[in-house]
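Enquirer: So that we are looking at the same thing, I have put the structure below in structure tokens.
Throughout, read-outs are computed from the coordinates displayed, never taken from laboratory work. Just so it is clear, the structure is predicted and the values come from calculations on it, not from any experiment. All Cβ positions, even for glycine, are placed from backbone atoms using ideal geometry, and neighbour counts span all protein chains on display.
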């Protein structure tokens with residue numbers, strides 16, 4: 001028998017509101033300078049049915065290399081299949097100082113926000129989430145990208 005909450009509830013979206021509070025996001029951090037990419041690293045396991053609602057990244061320092069490309073891009077997989085149609089990325093912009101950047105908010109230079117694939121974003125109990133961090137660089141930069149964080153926000157499936 002499935003355990004379900006029975007109403008009346010204060011709002012139609014009550015289950016989602018409670019679910020957001022009881023289902024914390026999955027988070028990973030790469031501490032220090034990122035000098036090589038990370039492939040197929042474990043992110044976590046889905047505790048219950050949910051949809052990937054958002055994926056975003058932040059860096060403590062965006063690195064600096066005015067002569068060559070310098071960028072970090074994230075990818076999230078559910079049981080080995082990507083759940084993104086556009087990957088989040090943070091790149092150094094020539095002329096800028098190395099600084100904290102995030103894909104969480106719009107309007108910053110050198111960022112691309114994730115776009116979730118609605119046909120591949122559902123997780124069920126026990127699904128394994130993994131991630132890649134792809135580093136694009138041509139030579140040793142003046143300042144490395146460092147302290148990379150990636151977050152997967154899950155929205156519970158109620159019903």
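Enquirer: For the residues 64, 101, 51, what sequence is obtained by ranking on other C-beta atoms within 10 Å, fewest first?
Expert: The most exposed by this proxy come first: 51, 64, 101.
Enquirer: So what's the Cα pair-distance distribution over the chain, bin width 5 Å, in %?
Expert: Spelled out bin by bin, the chain gives 2, 9, 18, 19, 16, 13, 9, 6, 4, 2, 1, 1, 0 percent.
Enquirer: Quickly work out the residue 29-to-residue 112 label distance, labels modelled 7 Å from Cα along the C-beta direction, and quote it in nm with one decimal.
Expert: Placing both labels 7 Å beyond Cα along the Cβ direction yields 2.7 nm.
Enquirer: Just need the relative contact order of region 28-156 here, percent rounded to a whole number, with Cα pairs under 8 Å and 6+ apart.
Expert: 47 percent
Enquirer: How far apart, in nanometres, would the label points at residue 66 and residue 85 be if each is projected 7 angstrom from Cα along the Cα-to-Cβ direction?
Expert: 3.9 nm
Enquirer: Fewest to most neighbouring Cβ within 10 Å: what's the order for 30, 68?
Expert: 68, 30
Enquirer: Relative to a virtual label point 7 Å from the Cα of residue 97 in the Cα→beta-carbon direction, which members of region 106-150 show backbone nitrogen distances below 15 Å?
Expert: 143
Enquirer: Now, a different point. What spacing in nm lies between the two simple spin-label points modelled at residue 157 and residue 13, each 7 Å away from Cα in the Cβ direction?
Expert: Computed distance between label sites residue 157 and residue 13 equals 2.1 nm.
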